[in-house]
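Below is one structure, written out as structure tokens; comments come after it.
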Amino acid sequence: MKIKCPKCKKDAELAMDYSAVKCSSCDLDMSYGEYVKFVAHNEAIYSDILGDYATGAEGHTAGSLDEWD
Ligand SMILES: [Zn+2]
């Protein structure tokens, strides 16, 4: 069946038994397990970028200075 190629975003072919993902546009050829990891990894990077954006405004809160009595 057709799925989205994680590399070139074109149509890749997933084998009926989920054993392999192949893309004729960019010569992608990996197992379905690798494909899932590849996609998850890419989305993790994307989340990190969004995460940095969100936490950037917060900054670091000062630690407790009460210890310096
Ligand atoms: Zn591709």
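Whole-Hz Karplus ³J(HN,Hα) for the range 4-21, in order, using 6.51 cos²θ - 1.76 cosθ + 1.60 and θ = phi - 60°, x for Gly and Pro?
The phi angles translate into 7, 5, x, 8, 10, 6, 9, 6, 10, 10, 9, 4, 4, 8, 6, 8, 8, 10 Hz.
Given 0.36 nm per residue, what is the gain on full extension from Leu50 to Cys8 after removing their alpha carbon distance, in nm?
12.9 nm
So if each residue of separation counts as 0.36 nm, and I subtract the Cα-Cα distance between Ser19 and Val39, what length gain in nm does that give? Show your work: numbers first, answer last.
On the way: separation 20, 0.36 × 20 = 7.20 nm, distance 1.61 nm.
That pair, Ser19 and Val39, stretches by 5.6 nm at full extension.
Where a number appears in this text, it was derived from the coordinates with a stated rule and is not lab data. Just so you know, these numbers come straight off a predicted model, no measurement behind them.
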